[in-house]
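The values are calculated or read from the model by the stated rules, or taken from the named source; none is laboratory data. Note that the structure is predicted; figures quoted are calculated from it, not measured. Ideal geometry is used to build each Cβ from the backbone, glycine not excepted, and the neighbour counts take in all protein chains shown. All accessible areas refer to the heavy atoms of the entire protein, side chains included, with ligands and DNA or RNA removed. Shrake-Rupley method; radii C 1.70, N 1.55, O 1.52, S 1.80 Å.
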Amino acid sequence: VAKLKHDIGESITALKLIEDDIPASIFLMDEKQLNSYVSSGAADESGEAVARRILQATEWMGCDGLKSSSEIKDRYQTVLKLAPSWERAHFNYAKFLDSLFETRKKQMTDKTKEEYNNMSERQKQEVDPCAVDIRIIGALVEYLLDSVKHYGIALQLGQKHCYQALPRMLAMWLEFTSLGTEDNNNKDESGQNAHLKEYQELMNKVIEDFATEIPEHLFYTALPQLLSRVVHKNVETSTNVALILRNVIAKYPHQSLWSCGWLRFSKSEEKKKAGDEIFLDAMTMLRKSDRDMLDTSEDVFRFLISLASFAPKDNTSFVRMKSPKFERELKNFIPPIQAALSL
């Protein structure tokens with residue numbers, strides 16, 4: 001009934017129906033007090049059931065602009081205290097923080113542009129765009145970090161929101177750690193770069209933990225995104241990308257080699273070196289048969305590349321070719337069909 005009322009535009013009535021019997025004081029309770037409230041029977045239902053009602057009401061309030069962002073944030077935190085292992089709650093909270101980050105980033109960027117337009121030409125020449133971006137992100141970094149954390153927790157708890165949560169989590173991480181100058185990897189500990197480096201290290205620590213806690217088959221869906229940043233200006237980020245790719249290859253060697261194998265033949269020396277190291281690390285985690293298969297895959301890819309680049313003579317209707325012998329039979333190198341790659 002409450003959902004029907006909300007759908008026809010009667011938001012206030014819908015909210016009364018869904019949480020009228022939930023006391024306002026519940027949003028001021030800490031975790032211990034909430035547990036006492038639920039266990040005392042005052043709620044007449046489980047903590048998860050209360051959390052579901054609050055979450056639904058919170059989403060409606062946010063959508064209709066009926067509460068401030070701080071009140072919405074408090075409500076989400078209450079939901080997470082009541083149901084800490086609920087995937088949807090973590091995902092929705094991450095989306096809320098993400099939207100706050102983007103909205104306030106745009107507001108600050110617009111204000112900065114307005115200030116810039118009012119400057120003299122001499123003042124404009126002294127403005128460092130990179131420093132401006134760092135200052136804006138620095139003011140909002142807590143939203144960014146918390147959003148990434150809750151996207152990651154949602155992915156640990158389930159795969160329902162994988163195609164929304166994982167690409168966004170990776171994008172936020174990869175873009176944030178690319179901010180700044182090359183000095184971030186050196187010993188520049190002064191000013192904004194020092195604070196930026198501190199937050200980037202914290203972000204990379206969060207991702208390093210998720211690299212082993214989020215199931216490999218979820219990361220498999222994001223291989224193109226990860227491979228595109230295998231060489232990153234931030235050294236710790238490159239290390240984490242390599243760690244994730246290594247884990248995926250070690251878990252699904254027969255499937256992932258087709259997406260990752262090209263790295264070992266990249267024209268970029270940095271990417272080629274990274275690919276060689278990733279495959280070597282992955283092979284140390286495999287049984288002998290799979291290790292030999294990955295080792296042989298380099299020769300198979302080299303043959304396929306030479307075959308693709310072969311140019312027959314003019315007017316040649318056919319080409320006779322002797323197939324080379326490999327350490328492992330070619331039946332071990334069958335590209336997986338799309339159905340086998342879907343969640």
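Please state which of the following conditions GLY65 fails to meet, knowing it meets all the rest: (1) open to solvent by 70 Å² or more (accessible area, probe 1.4 Å); (2) small (Gly, Ala, Ser); (3) within 20 Å of LEU100 (Cα to Cα).
It is condition (1) that GLY65 fails.
Test of understanding: among GLU201, GLU208, GLU236, GLU213, which residue is open to solvent by 50 Å² or more (accessible area, probe 1.4 Å) and within 24 Å of LYS105 (Cα to Cα)?
On the way: GLU208 fails: within 24 Å of LYS105 (Cα to Cα); GLU236 fails: within 24 Å of LYS105 (Cα to Cα); GLU213 fails: within 24 Å of LYS105 (Cα to Cα).
The conditions single out GLU201.
Give the residue that is least open to solvent (accessible area, probe 1.4 Å), with candidates limited to residues of segment 276-294 that are without any contact (Cβ under 8 Å) to a residue 12 or more places away in the chain and either within 17 Å of SER259 (Cβ to Cβ) or of a type in the set (D, E, K, R) (or both).
ARG291
Go through (1) open to solvent by 80 Å² or more (accessible area, probe 1.4 Å); (2) part of a helix (DSSP H, G or I) and name the single condition SER297 misses.
Of (1) open to solvent by 80 Å² or more (accessible area, probe 1.4 Å); (2) part of a helix (DSSP H, G or I), only one is false for SER297: (1).
In segment 287-343, which residue that is more than 24 Å from LEU223 (Cα to Cα) and of a type in the set (Asp, Glu) is modelled with the highest pLDDT?
Taking the candidates together, the pick is GLU327.
Any chance you could count how many residues in segment 248-292 are of a type in the set (A, V, I, L, M, F, W, C) and out of contact with any helix residue (DSSP H, G or I) (no Cβ under 8 Å at 6 or more places or on another chain)?
Residues of segment 248-292 that are of a type in the set (A, V, I, L, M, F, W, C), as a first pass: 248-250, 257-258, 260, 262-263, 265, 274, 278-280, 282-283, 285-286.
If we keep only those that are out of contact with any helix residue (DSSP H, G or I) (no Cβ under 8 Å at 6 or more places or on another chain) too, we end up with 258, 280.
Of the residues in that region, 2 qualify.
Residues are listed down the side, and each one gets a yes or a no for (1) assigned to a helix (DSSP H, G or I); (2) over 30 Å from ASP146 (Cα atoms); (3) aromatic (Phe, Trp, Tyr):
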{"position": "LYS205", "(1), (2), (3)": "yes, no, no"}
{"position": "ALA211", "(1), (2), (3)": "yes, no, no"}
{"position": "LEU218", "(1), (2), (3)": "yes, no, no"}
{"position": "VAL230", "(1), (2), (3)": "no, no, no"}
{"position": "THR237", "(1), (2), (3)": "yes, no, no"}
{"position": "ARG246", "(1), (2), (3)": "yes, no, no"}
{"position": "SER256", "(1), (2), (3)": "yes, yes, no"}
{"position": "GLY275", "(1), (2), (3)": "yes, yes, no"}
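Under 6 Å between Cβ atoms, which residue pairs at least 6 apart in sequence (or on different chains) link something in segment 250-269 that is over 19 Å from ILE337 (Cβ atoms) and of a type outside the set (Val, Ile, Thr) with a partner that is open to solvent by 70 Å² or more (accessible area, probe 1.4 Å) and not in a helix (DSSP H, G or I)?
ALA250/MET285
If you check LYS113, LYS124, LYS149, which single one turns out to be modelled with pLDDT of 80 or more, out of contact with any strand residue (DSSP E or B) (no Cβ under 6 Å at 6 or more places or on another chain) and either of a type in the set (A, V, I, L, M, F, W, C) or more than 17 Å from LEU202 (Cα to Cα) (or both)? Show your work before the answer.
Numbers: LYS124 fails: modelled with pLDDT of 80 or more; LYS149 fails: either of a type in the set (A, V, I, L, M, F, W, C) or more than 17 Å from LEU202 (Cα to Cα) (or both).
Sole residue among the options that is modelled with pLDDT of 80 or more, out of contact with any strand residue (DSSP E or B) (no Cβ under 6 Å at 6 or more places or on another chain) and either of a type in the set (A, V, I, L, M, F, W, C) or more than 17 Å from LEU202 (Cα to Cα) (or both): LYS113.
For segment 249-275, how many residues are farther than 17 Å from LEU304 by Cβ, at pLDDT 95 or above and buried (at least 19 other Cβ atoms within 10 Å of the Cβ)?
Residues flagged as farther than 17 Å from LEU304 by Cβ, at pLDDT 95 or above and buried (at least 19 other Cβ atoms within 10 Å of the Cβ) within segment 249-275 amount to 3.
Would you mind telling me which numbered condition in (1) farther than 24 Å from LEU174 by Cα; (2) open to solvent by less than 40 Å² (accessible area, probe 1.4 Å); (3) touching a Phe, Trp or Tyr at 6+ places or on another chain (Cβ under 7 Å) ILE244 fails?
Result: ILE244 passes all but (1).
Evaluate segment 1-14: report whether one residue or more is open to solvent by less than 50 Å² (accessible area, probe 1.4 Å), under 24 Å from HIS90 (Cα atoms) and not in a helix (DSSP H, G or I).
no
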